[in-house]
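These notes concern the structure reproduced below.
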Amino acid sequence: AGFRLKRLEVYNWGTFHNRIWELSLNGLNGLLTGDIGSGKSTLVDAVTTLLVPANRVLYNKAAGAEYKERSLRSYVLGYYKSERSDGGYSAKPVALRDRNSYSVILGSFFNEGYEQSVTLAQVFWQKETTGQPSRFYIVADRELSIKNYFSNFGSDISRLKKELKTLEHVELPFDTFPPYGAAFRRRFGLQSNQALELFHQTVSLKSVGNLTSFVREHMLEAFDTAPRIEE
């Protein structure tokens, strides 16, 4: 039947501040609607972050935004407005959170055909005053939730890692995307990154200019032409 998104949870992600926000789909299709600035793209970006390598993600793409309008740092710290400096010549973002907080995004997937659950999660924290946040990745062959497994540890990230390592059917936290991506692709039956590239592109289908180019670049697998020409 394939894996479908059962539940999406975010904590301290964008303007979803200081509380766990949950979107329950139970494997069904969903329509996410709301006013401009209500957080639709913020939730879409959470799903994208779970599935797409960091160097490939273009945040706020669903809204057709320009590159770098948002970043992982802006989501983790919760930028929500800009303020003019005293001189009035520049503006700086205002954050809901500081370096003492942490953020979590979690997606629970379920395959009815095999009655299998897979949970993907990422934990973020800001080590330095500048630069992008640090993070680690989790792949679990069971259903997890932020409330039960990613809270009540204060702000000690190493303690959280130790607690997660004691859980059954949870792969040790990954520090980089490639092994994490390989782990969940293996479970989902994805042989390459091509499907995830296509997924990322469909997030902003309204900005596709040439359908032929879209199919060539994102839907057709690359192959070595030399042997075929020789044959």
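The values are calculated or read from the model by the stated rules, or taken from the named source; none is laboratory data. This structure is a prediction, so every number in the text was calculated from the model and none was measured. Reconstructed Cβ throughout: ideal geometry from the backbone, glycine too, with neighbour counts over all protein chains shown. For accessibility, only protein heavy atoms count, side chains too; no ligands or nucleic acids. Shrake-Rupley method; radii C 1.70, N 1.55, O 1.52, S 1.80 Å.
Scanning the stretch 91-140 for residues that are closer than 16 Å to Leu72 by Cα, in a strand (DSSP E or B) and hydroxyl-bearing (Ser, Thr, Tyr) turns up Tyr102, Ser103, Ser134, Tyr137. Residue selection: Arg99 satisfies the criterion of being under 25 Å from Lys162 (Cβ atoms), open to solvent by 40 Å² or more (accessible area, probe 1.4 Å) and either among the basic types (Lys, Arg) or at pLDDT 95 or above (or both).
Taken together, the residues in the stretch 218-231 that are modelled with pLDDT of 75 or more and assigned to a helix (DSSP H, G or I) amount to 6. With respect to the conditions (1) within 22 Å of Arg4 (Cβ to Cβ); (2) open to solvent by less than 50 Å² (accessible area, probe 1.4 Å); (3) not in a loop (DSSP other than H, G, I, E, B), Leu144 falls short on a single one, namely (3).
Scanning the stretch 155-171 for residues being over 17 Å from Ser134 (Cα atoms), surrounded by 14 or more Cβ atoms within 10 Å (Cβ to Cβ) and among the hydrophobic types (A, V, I, L, M, F, W, C) gives a total of 2. When residues in the stretch 112-136 are screened for being farther than 15 Å from Leu8 by Cβ and surrounded by fewer than 18 Cβ atoms within 10 Å (Cβ to Cβ), 12 of them pass. Taken as a whole, the stretch 188-201 holds at least one residue that is over 22 Å from Leu8 (Cβ atoms) and either open to solvent by less than 70 Å² (accessible area, probe 1.4 Å) or out of contact with any Lys or Arg (no Cβ under 9 Å at 6 or more places or on another chain) (or both).
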